[in-house]
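Structure first, then comments.
A short reminder: the numbers here are calculations on the coordinates, not readings from a lab. This structure is a prediction, so every number in the text was calculated from the model and none was measured. Note that each Cβ is placed from the backbone with ideal geometry, even for glycine, and that neighbours are counted across all protein chains shown.
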Amino acid sequence: MLSDKKYFLFDIDGTLAVDDTLYEGSRELIDYIESIGGRAFYITNNSVKSRKDYVEKFRRWGIMTKESQFMTASYATCRYLKEHYKDKKLFALGTPSFVEELRSFGLAVTEQSEKDADCVVVGFDRTLSYEKVETACELLFRPAVDFIGTNPDLKCPTAFGFVPDCGGICAMLTAAVARTPLYIGKPSAEIVTLCTKQVNAKPEEVLVVGDRLYTDIACGINAGVETALVYTGEAKEKDLADTVFMPDYTFENIEKLYQEFRKSREEAYYAF
């Protein structure tokens with residue numbers, strides 16, 4: 001039941017905000033969650049920013065957070081690479097922030113053409129150049145070089161529409177080299193686990209909220225928790241007719257979710 005929720009795992013882009021604009025109801029819902037003794041987490045597949053960057057971005061919105069509340073695709077990828085590529089060389093397609101985060105895990109990262117690179121790692125790269133693309137293709141034509149993407153999202157919401165996300169960039173590479181990457185971010189259930197274990201949350205207390213069916217909603221389903229879809233990003237109501245990733249709840253926007261959540265708790269309280 002919606003009234004049972006205490007721990008909300010929010011996607012950011014297209015769910016709570018677009019670009020640097022916070023949607024109506026986002027701050028109110030986050031404040032309300034804190035007021036009832038719950039906690040908001042942020043599980044974004046955007047690999048442009050590090051967790052530190054997001055803390056600063058939320059601060060500018062007047063929302064105080066800690067790095068531990070953010071589980072980004074780049075952070076999850078860093079954890080995976082630390083485990084599997086600790087002493088290997090990585091060629092990265094990503095922003096300077098993403099490269100810095102990789103290096104903060106002690107990983108050997110290069111942004112130049114390296115004949116001995118062991119893996120091509122792709123993030124949502126707003127600094128993408130054709131030179132980077134050519135180098136990645138050259139490396140990926142070598143079967144011994146692995147191919148990893150931070151997240152499978154094809155497009156990222158903007159104020160004017162969408163731009164290619166990591167999945168879109170990887171699709172371009174796949175078209176050229178006939179190889180598909182291993183994706184680390186959502187819909188992996190590990191993203192949810194990294195949040196819920198911090199607060200010893202019970203599954204019935206958790207709600208994953210997002211705007212994409214194949215990443216956000218699939219992530220919650222894979223983790224065995226309930227999900228809510230908002231129609232302010234990629235997915236629209238018509239998409240529910242042809243999906244295997246059916247959300248438990250749907251809302252026009254985050255403000256409607258806030259209103260319904262508060263109402264459900266008040267009704268549950270007065271029922272006693």
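A few notes on this one:
- Residues whose amide H lies under 5 Å from that of PHE147, counting only those 5 or more places away or on a different chain, are VAL120, LEU182; hydrogens are built 1.01 Å from N in the peptide plane.
- Summarised as an ellipsoid, the chain has semi-axes of 34, 18, 16 Å, derived from the eigenvalues of the Cα gyration tensor scaled by 5 and square-rooted, with the largest first.
- Cα-projected label distance for TYR270 with ASN200, points at 7 Å along beta-carbon direction, nm: 3.4 nm
- In order along region 95-107, phi translates into HN-Hα couplings of 6, x, 5, 5, 4, 4, 5, 4, 5, 5, 8, x, 8 Hz, rounded to whole numbers, per the Karplus curve 6.51 cos²θ - 1.76 cosθ + 1.60 with θ = phi - 60° and x for Gly and Pro.
- Nearest-0.05 FRET efficiency for GLU138 and ASP31, computed from C-beta distance (R0 51 Å): 0.50
- Helix-only [θ]222 nm of the chain, DSSP H runs n ≥ 4, -39500 (n - 2.57) each, per residue, nearest 500: -11000 deg cm²/dmol
- Coupling constants for region 23-31 follow from the phi torsions by the Karplus curve (6.51 cos²θ - 1.76 cosθ + 1.60, θ = phi - 60°), and in residue order they are 5, 4, x, 5, 5, 4, 5, 4, 5 Hz; glycine and proline get x.
- Relative to the compact-globule estimate of 2.2 N^0.38 Å, the Cα radius of gyration of region 169-272 comes out at 1.29.
- In this simple spin-label model, placing a label point 7 Å from the Cα along the Cα-to-Cβ direction at both LYS86 and ALA175 gives a separation of 4.0 nm.
- Under the criterion of Cα pairs below 8 Å and six or more residues apart, the relative contact order for the chain equals 21 percent.
- Calculated FRET efficiency for the pair SER68/GLU252, C-beta based, R₀ 51 Å, to 0.05: 0.95
- Inter-label distance, LEU182 to MET1: 4.3 nm, where each label sits 7 Å from its Cα along the C-beta direction.
- Remark: the TYR130-GLU56 segment gains 23.6 nm on full extension, using 0.36 nm per residue and subtracting the alpha carbon distance.
- Candidates PRO157, PRO143, PRO203: whichever shows maximal mean-square fluctuation once the chain is modelled as a Gaussian network with Cα springs under 10 Å: PRO143
- For PHE41, residues with placed amide H under 5 Å, excluding near neighbours: PHE8, LEU9, PHE10
- Cα centre as origin, Lys/Arg/Asp/Glu Cβ charges: region 78-125 dipole, Debye: 160 debye
- Charge tally for ALA176 (other residues, Cβ to Cβ under 12 Å; Lys, Arg +1; Asp, Glu -1): -1.
- A simple rule links phi to the HN-Hα coupling: the Karplus curve 6.51 cos²θ - 1.76 cosθ + 1.60 with θ = phi - 60°, which for region 204-220 gives 6, 8, 10, 9, 8, 10, x, 10, 10, 6, 7, 10, 5, 5, 4, 4, x Hz, with x for Gly and Pro.
- Net charge dipole, the chain: roughly 640 debye, given to the nearest 20, about the Cα centre with Cβ charges of +1 for Lys and Arg and -1 for Asp and Glu.
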